[in-house]
1. Just the residues that are among the small types (Gly, Ala, Ser), assigned to a strand (DSSP E or B) and closer than 13 Å to residue 93 by Cβ, please, taken from the range 1-30.
2. Tally time: how many residues in the range 1-54 are farther than 22 Å from residue 99 by Cα, more than 16 Å from the chain's Cα centre (by Cα) and open to solvent by less than 50 Å² (accessible area, probe 1.4 Å)?
3. Considering each of 43, 64 in turn, give the residue that is closer than 19 Å to residue 83 by Cβ, in a loop (DSSP other than H, G, I, E, B) and not acidic (Asp, Glu).
4. Restricting attention to the range 75-115, which residues are farther than 15 Å from residue 22 by Cβ, open to solvent by 20 Å² or more (accessible area, probe 1.4 Å) and either hydrophobic (A, V, I, L, M, F, W, C) or outside any loop (DSSP other than H, G, I, E, B) (or both)?
Amino acid sequence: QVQLVESGGGLVQPGGSLRLSCAASGRGFSIYAMGWYRQAPGKQRELVATMTSAGSTNYADSVKGRFTISRDNANKTVALQMNSLKAEDTAVYYCDAHWAALDYWGQGTQVTVSS
């Protein structure tokens, strides 16, 4: 089992940057595909970015070229660097660890992009 704790959210102006971090505890972190998802008020949770255990990445079209996912297996962390933030990026961001039929979620961190 994996426990996930997100951090790094906050209030930022349009065009600004934030770096989210997700710290994992438990065994087997390196075998999990790690991902970031977000959920805006009144909307369904959506994929932002994922990285497989082999390092392959996938991004939502809306964040390509602005967001970068990375992972550090030795320290059991995954990060999301978010640049050129827009108001529509405002949401609660969740970290996910996925393997086979298992998914583990963090509690989420709020990102608000507003002037």
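1. Here is the first cut: in the range 1-30, the ones among the small types (Gly, Ala, Ser) are 7-10, 15-17, 21, 23-26, 28, 30.
Next cut, assigned to a strand (DSSP E or B) only: 7, 10, 21, 23-26.
The answer is 7, 10, 21.
2. 2
3. 64
4. Result: 87, 88, 99, 100, 101, 102, 112.
The values are calculated or read from the model by the stated rules, or taken from the named source; none is laboratory data. Note that the coordinates shown come from a computational prediction; the quantities given were computed from them, not determined experimentally. In this analysis, Cβ positions are derived from the backbone assuming ideal geometry, glycine residues included, and neighbour counts consider all displayed protein chains. Ligands, DNA and RNA are excluded from the accessible area calculation, which covers all protein heavy atoms including side chains. Shrake-Rupley method; radii C 1.70, N 1.55, O 1.52, S 1.80 Å.
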